[in-house]
Every structure is written in structure tokens, then in C-alpha cells.
């Protein structure tokens, strides 16, 4: 559970990023906006990068968690709706829009090299949903296959639709892609 000071710090970072992009969220500005000392910020987070990572994990991880309530006729359709809805909500989130508008290069680390906490959360969720749809353990609407590899593939596809949002890609096309992959 995040304490009140940490929440205020993350809220301040969010407001600064939305207003001026990631560069506006330096430690001094975050502390001032949160109404705490710089020392308090450093006690809670080792650096600016950790604040931004925690903020994205809170906001985008919350979106992934919220979509778990979606229902559909089959598990395959449910997975497709969860992926599409998550991508759409992430693309519409003011924090993501600000980063893409001001400093899209901040997302480079997300695109290459490693999976962050939000992507790992999404992968864990998708793994479980895939297993629940496969023939031996679920409703049979999801093809047989390695759930680890399948969940990673879906995370990478969803990530592409987030990062390439500005150049196109529709919810309908993503839905077809996910459902076809799982068939």
C-alpha cells in the first residue's frame, strides 16, 4: 500500500507531466507541488526515474486491473475485449498523451530492452486468462499453446498499439488480431 506522502508525490509528478511533459517533473518541482521537502521525496523514491516508473505503474497498472471486470461470451472474446479496452484507455490517459506529445523518447525504454512492472502485470493477467480459455483447463475457445509465450506475444502486440497510436490502428483491427491469434 502506498502511503499518503508517496501518493502526494506521485500526484504531483502526474500534474507536472500532464502540464509540461516529463522534463517538468524534476525533484524540486515535484517536492514543491506535493508540499513536501526534497528530502521526503528522496526518502520515498531514490530518483526521478523511480517516481515516473511508480506513477506509470500506478496509473497504467490500474487500467489493466480495471479491465478484469469485462465479460464476454467466450474466454477468447473476453481476452480480446480486455486487451482492446486496456490499450484504448491507456491511449486516452492524460499522462500517456502528455508523454507522447512532449517527450516520446521517454518511452524508448518501454519499447526495447525489458518489460516493466505494468507489462509484467499484464502478462500475468493474460497468462491466467489464456489458461482459463484453453481446451484442457477452460472453455476451449483459446487454442492450445504455451501460455507464457502467448501472453508475452499479446503484451507486445498491445504495446505496439499503444506506442503507434498516433499513426493508426483501430480497436476493431486489434480485436480481430487478438481473436485470430488465440484461435
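So if I check each of 159, 166, which one is under 18 Å from residue 97 (Cβ atoms) and surrounded by 16 or more Cβ atoms within 10 Å (Cβ to Cβ)?
Just one listed residue meets the conditions, 159.
Among the residues of region 1-12, write down those that are loosely packed, with under 15 Cβ neighbours inside 10 Å and in a helix (DSSP H, G or I).
Within region 1-12, 4, 7 meet the criteria.
With the requirement that a residue be on the phi > 0 side of the Ramachandran plot and more than 19 Å from the chain's Cα centre (by Cα), what does region 7-41 give you?
Residue satisfying the conditions is 35 alone.
So, in region 135-151, of the ones that are over 16 Å from residue 72 (Cβ atoms) and buried (at least 17 other Cβ atoms within 10 Å of the Cβ), which residue ends up farthest from the chain's Cα centre (by Cα)?
Looking at residues that are over 16 Å from residue 72 (Cβ atoms) and buried (at least 17 other Cβ atoms within 10 Å of the Cβ), I get 147.
Scan region 162-176 and give yes if some residue there is closer than 15 Å to residue 74 by Cβ, in contact with a helix residue (DSSP H, G or I) (Cβ under 7 Å, 6 or more places away or on another chain), assigned to a loop (DSSP other than H, G, I, E, B) and at pLDDT 95 or above, otherwise no.
Within region 162-176, not a single residue is closer than 15 Å to residue 74 by Cβ, in contact with a helix residue (DSSP H, G or I) (Cβ under 7 Å, 6 or more places away or on another chain), assigned to a loop (DSSP other than H, G, I, E, B) and at pLDDT 95 or above.
Condition check: outside the structural domain of residue 19 (by TED's automatic domain parsing), within 27 Å of residue 13 (Cα to Cα) and out of contact with any helix residue (DSSP H, G or I) (no Cβ under 8 Å at 6 or more places or on another chain). Does residue 122 satisfy that?
no
Going through 72, 29, 23, 15 one at a time, which residue ends up being outside any helix (DSSP H, G or I) and surrounded by fewer than 21 Cβ atoms within 10 Å (Cβ to Cβ)?
So the residue among 72, 29, 23, 15 that is outside any helix (DSSP H, G or I) and surrounded by fewer than 21 Cβ atoms within 10 Å (Cβ to Cβ) is 72.
Would you check if there is a residue in region 128-142 being in contact with a helix residue (DSSP H, G or I) (Cβ under 7 Å, 6 or more places away or on another chain), under 18 Å from residue 70 (Cβ atoms), at pLDDT below 95 and not in a helix (DSSP H, G or I)?
Within region 128-142 (the criterion being in contact with a helix residue (DSSP H, G or I) (Cβ under 7 Å, 6 or more places away or on another chain), under 18 Å from residue 70 (Cβ atoms), at pLDDT below 95 and not in a helix (DSSP H, G or I)), the answer is yes, since at least one residue qualifies.
Quick one: in region 90-113, of everything that is at pLDDT 90 or above and surrounded by fewer than 17 Cβ atoms within 10 Å (Cβ to Cβ), which residue is nearest to residue 15 (Cα to Cα)?
The residue in question is 94.
Would you point out which residue out of 91, 57 is assigned to a helix (DSSP H, G or I) and more than 22 Å from residue 170 (Cα to Cα)?
Answer to the selection: 57.
Quick check on my filter: what residues within region 9-30 are over 24 Å from residue 89 (Cβ atoms) and either in contact (Cβ under 8 Å) with a residue 12 or more places away in the chain or in the same structural domain as residue 116 (by TED's automatic domain parsing) (or both)?
Listed by number, the residues that qualify are 23, 26, 27, 29, 30.
The values are calculated or read from the model by the stated rules, or taken from the named source; none is laboratory data. This one's a predicted model, so the numbers in the text were calculated from it and none came from an experiment. Methodologically, a virtual Cβ is constructed for each residue, glycine included, from the backbone with ideal geometry; neighbour enumeration extends over all protein chains shown.
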